[in-house]
Structures are given as C-alpha cells and as structure tokens.
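Before any comments, here is the structure.
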Amino acid sequence: MADTRNNLSRTRLIIVSNRLPVVLKKEKDGRWNTVPGSGGLVTALAPVLRDRGGLWIGWPGTFEAFDKKSEEVLEGATRDSGFTLKPVALTSEELEKYYFGFANEIIWPLFHDLLSQCKFDPTYWSCYQEVNRKFARVIKEHLASDDYIWIHDYHLMNVAQELRGLGVKDNMGFFLHIPFPSLDIFLKLPWRFQILRSLLNYNLIGFQTPRDRRNFMQCARTLIKDLSVQGKGQVVTLRFGARNVRVGAFPISIDFREFVSLASTQGVTNGAWYIHEQLPNVQIILGVDRLDYTKGILERLEAFRNALLRYPELQEKVVFVQVVVPSRCEIPKYHELKIEIERLVSEINGQFTRSGWVPIHYLFRSLDRSELVAYYRTAEVAMVTPLKDGMNLIAKEYCASSLEEDCILILSEFAGTAAQLQKGALLVNPHDKEGVADAIYKALKMSTGERRQRMKKLRASVKRHDIYWWVDSFLDAAIAKRLYNFPIMEEYLPQIEMA
Ligand code: G6P
C-alpha cells in the first residue's frame with residue numbers, strides 16, 4: 001500500500017473538462033471578473049483539486065479573446081485553493097456546433113435514451129473532432145512527466161485519440177458523468193464506431209454505475225472483433241490485439257463534511273428557520289434541478305397535482321418548492337421546456353390556490369450555496385425524480401445537509417444514485433404519475449421514527465463513499481492498478497413479488 005500511496009502523491013493531476021469551475025466575464029468597463037460555474041461536474045471536481053492540487057484545463061465560458069490580464073484573473077481565481085486553471089479558447093461557431101450541437105443535441109439526448117430529441121447533423125461531428133483536437137493541443141502544451149491526465153465527460157470523448165496522434169503515450173483516464181446507453185440505442189449514433197474506437201484509447205474508462213458499465217461492455221463485446229474480458233467485479237480489463245483497457249463503475253459523490261459544516265452554520269440555520277417561518281403549518285417538498293428535459297420536472301409537477309387531487313387532505317398542508325437553475329437556454333428544446341414549466345406551474349397554482357396558500361413556489365435562478373443548503377435543511381421531503389440521470393448529486397447533498405435526519409428522499413429508479421441509495425429512499429418510476437403521487441402521500445404521512453431510520457442509512461452511505469473516496473478509488477484503479485476499498489454496488493432493478 002505504501003508504494004501505491006507514493007505513486008499517487010508523486011503524480012500531478014491534470015483534470016480536463018469542457019467547462020472550468022469558473023466563468024470568465026468581461027465587465028462593461030473592460031475589466032475581467034470570474035463567477036462560479038454550475039452543474040454536477042464542477043461541484044464534484046472542485047474539492048478534488050482543492051485537496052490534491054494540480055491543473056484544470058477547460059473552456060472559461062467566454063468568446064472574448066484572452067489577454068494577459070484575463071489569464072491572470074483566471075489564475076487568481078483558484079490560487080488560494082492550490083490549483084491552477086488553464087483556458088481553452090473556443091469561437092462562437094465552435095461552441096455552437098461542438099457544445100450546443102454535438103454534445104447537447106446528439107450525445108446528451110441519445111445517452112439519456114431520448115432519441116427523438118437528437119439532431120444528427122454531420123457538421124456537428126466534424127466540429128466536435130476539431131475542438132477535441134484543440135483541447136489535446138492545450139493539454140500537450142502543459143504536460144509534464146509524472147502527470148496523470150484525467151478527461152471528463154461526453155464533450156471530450158475523442159481527446160485521448162487526438163493526444164495519441166500527437167505522440168502522447170501517457171496513462172490516461174476518462175470518466176463519463178452521464179449514463180451510457182444500451183446497445184440498441186448506441187447503434188443509432190451515426191458515429192458509433194468512431195466514438196467507441198476513440199474511447200478505447202484511454203487506459204481506464206469510468207462509469208457512474210454498474211448499469212452504464214454493463215451497457216458499455218455490451219456495446220464493446222458486440223461491436224469489436226476478437227475482444228476478451230478479464231476479471232470480475234467493479235473493474236474489468238478489455239483485451240484486444242496488444243491493448244488492455246480497464247473499465248469500471250465509480251459512483252461520484254460530494255464533500256459530505258463540507259455540506260455538514262455549511263449546514264451547521266448560524267447563517268444556514270437562520271435561513272432554514274426563516275424559510276419555514278414564511279411557510280407556517282405546512283410541510284415543504286423540495287425539487288432542485290438544472291433546466292433540463294431529462295430531470296422529469298414536468299412529470300413531477302403532474303404527480304404533485306395528482307397527489308393534491310387524489311389526497312385532498314394534503315391541500316393547504318403542503319408546499320412544493322421547485323428551484324430551476326437556468327441552463328443551456330440557447331437550445332430551443334430548453335427554452336420550450338422553460339415555457340412549459342411556467343405554464344404548468346401557473347395552471348396548477350390557478351387550480352388549487354386558496355387565500356393564504358399557494359401550492360407551488362417556483363424559483364428560476366441559481367441559489368448561492370448557503371441559500372440552497374438552507375432549503376435542504378428545512379424541507380421535509382426532497383424529490384429527485386429524473387427520467388434518467390448519470391448520478392444526481394442533489395440527492396446526496398440533501399442527505400448530507402439534513403442534520404436532524406427527520407426528512408425523506410423520493411428518488412427516481414433511473415437516477416444513478418438509486419444504485420447506492422436504494423435502501424433508505426422511497427424509489428419511484430417518474431413516468432408513473434399515480435405511483436409518484438402515492439409516494440408523496442406516503443412521505444408526508446411517514447412517522448418521524450421511520451424517516452430517521454431511512455435518513456440515517458442514506459447519510460451513512462454518502463458519508464462513507466464521499467468525493468475523496470471516489471477520486472481515490474478511480475486513481476487507484478488508474479495509476480496503482482489496484483482496487484482501493486471497493487464496495488459492492490448492486491445495480492438497482494425493480495422486482496415483482498410473485499405469489
Ligand atoms: C451535467 C454534465 C456536465 C455539465 C453540467 C452542466 O452535469 O454531466 O458535464 O457541465 O451538466 O451543463 P453545462 O452544459 O452548463 O456545462
């Protein structure tokens with residue numbers, strides 16, 4: 001184990017993702033400024049680099065040409081955290097075709113099983129390849145010996161292949177933050193062979209759950225001739241020709257302790273009290289999502305309406321707070337979704353509001369961390385009900401922040417989190433409106449004793465398998481080639497009981 005630790009500590013980490021954790025902004029007076037970025041990937045990776053140090057390469061969220069000043073501001077943004085940011089410049093046309101186009105109008109919907117939302121435009125694919133090449137060039141420029149290159153997410157699946165083309169032989173890892181689809185769906189992708197071949201240039205490919213790894217393995221086994229699989233368990237080795245590629249499932253997590261300490265501050269405690277003070281004599285159900293059609297926001301609102309109709313005793317006794325964080329609004333489907341959410345919220349509120357009680361409180365903005373944690377702390381129920389999700393860290397953040405442990409999580413069977421949290425959460429099929437409404441009723445009526453029992457289990461699991469455990473287990477499989485403290489994680493599959 002000592003050797004393993006030494007190997008890991010000698011290694012400098014180069015994290016590469018489409019976005020940097022901050023957005024660079026040019027103010028009207030020409031000065032550069034940074035604001036924090038949003039999304040699960042950024043939330044998860046920031047503590048990793050704060051802990052280990054290293055380099056983070058990505059797009060800083062602007063098309064303005066960089067200058068010396070902007071690079072200084074970018075470096076200053078994380079200097080105190082002990083890691084450095086290096087920008088990749090993208091033009092607006094590149095962003096249009098590579099990010100909005102290939103990443104978000106092809107891979108994102110396809111990998112979330114939403115084929116009908118895909119726009120298979122071939123110009124998106126050529127731009128995706130060019131931008132991945134651009135990322136590879138920036139990485140090569142900053143690469144030193146003993147670095148470990150760790151590429152993240154669906155925007156950058158081709159980067160290893162491009163780096164190999166530039167003569168880089170280093171050990172490289174890839175982590176997919178979103179689901180990997182089943183063979184039937186993957187086959188629809190016009191560039192399925194190119195993408196699969198590209199991925200196999202990494203030495204280790206990590207997925208969120210056994211479900212995603214199973215899907216990837218089925219694609220690899222079916223589409224690659226003379227492939228053999230060695231090993232059993234969470235990480236296996238694919239062999240073809242002279243090559244070996246490791247493939248594993250590593251459920252991403254959060255900095256549990258950081259959430260606990262933020263939730264314990266006086267500011268958050270007061271904030272939590274204030275939210276409930278403003279909504280007296282009701283239980284609060286909370287939903288927090290990026291604006292995205294995969295998050296099941298419309299389905300959840302419909303299920304809430306169904307609960308109010310089928311269980312009228314809930315009326316005036318519950319408030320549903322739905323926070324929607326603006327995201328990808330330039331894509332027509334996202335804009336349409338925003339309009340549809342707003343229409344549905346006002347329809348349901350119009351249907352049920354009584355003097356002194358509005359059933360749905362809708363916030364369309366990002367909350368700062370303390371405000372968000374105050375909502376987590378105060379809500380009796382959280383609903384995390386995506387139609388499909390790689391992991392979903394909101395579920396884990398809610399559990400970590402629930403210091404009193406007297407609340408309950410309603411969780412989609414199709415969130416990656418379900419594999420890990422199946423024992424304490426109330427699992428639902430988000431497409432089953434009445435089933436979700438029944439779960440809402442059950443959650444609101446559940447005794448404090450049962451809520452505590454369930455929440456204790458959830459918190460223990462999130463605490464044990466936190467973000468540091470995730471990074472150690474990935475890097476141990478990647479660099480030390482051994483498995484570190486690996487839990488057995490079962491895929492969640494619903495089962496019927498036959499008489
Ligand atoms: C998901 C993806 C991330 C992405 C985030 C925010 O969590 O897995 O890669 O950064 O959404 O989306 P955006 O398109 O704004 O980066």
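Details
- Which numbered condition A44 fails, given (1) more than 14 Å from K86 (Cβ to Cβ); (2) in contact with a strand residue (DSSP E or B) (Cβ under 8 Å, 6 or more places away or on another chain); (3) within 12 Å of the ligand (Cβ to nearest atom): (2)
- The single condition among (1) over 24 Å from V35 (Cα atoms); (2) free of Cβ contacts under 8 Å to residues at least 60 places away in the same chain; (3) out of contact with any Pro (no Cβ under 9 Å at 6 or more places or on another chain); (4) away from the ligand (no atom under 16 Å from the Cβ) that R310 does not meet is (2).
- Matching residues, the range 319-341, being more than 14 Å from the ligand (Cβ to nearest atom) and touching a strand residue (DSSP E or B) at 6+ places or on another chain (Cβ under 6 Å): V319, F320, V321, Q322, V323
- Subset of the range 122-146 [among the acidic types (D, E) and free of Cβ contacts under 8 Å to residues at least 24 places away in the same chain]: E141
- Once the range 171-218 is narrowed to residues that are buried (at least 20 other Cβ atoms within 10 Å of the Cβ) and among the charged types (D, E, K, R), the residue that is nearest to the ligand (Cβ to nearest atom) is D212.
- Residue list for the range 394-447, filter: within 24 Å of K317 (Cβ to Cβ), hydroxyl-bearing (S, T, Y) and open to solvent by less than 10 Å² (accessible area, probe 1.4 Å): Y398, S401, S402
- Scanning the range 20-41 for residues that are within 30 Å of W470 (Cα to Cα) and more than 9 Å from the ligand (Cβ to nearest atom) yields L20, P21, V22, V23, L24, T34, V35, P36.
- I331 meets all of the listed conditions (1) open to solvent by less than 60 Å² (accessible area, probe 1.4 Å); (2) in contact with a Leu (Cβ under 9 Å, 6 or more places away or on another chain) but one, namely (2).
- Sole exception among (1) more than 16 Å from the ligand (Cβ to nearest atom); (2) under 18 Å from the mean Cα position of the chain (by Cα) for K68, by number: (2)
The values are calculated or read from the model by the stated rules, or taken from the named source; none is laboratory data. Source: prediction; values computed, not measured. Every residue, glycine as well, gets a Cβ built from its backbone with ideal geometry; the counts of neighbours run over all protein chains shown. Protein only, heavy atoms only, side chains kept; ligands, DNA and RNA dropped before computing areas. Shrake-Rupley method; radii C 1.70, N 1.55, O 1.52, S 1.80 Å.
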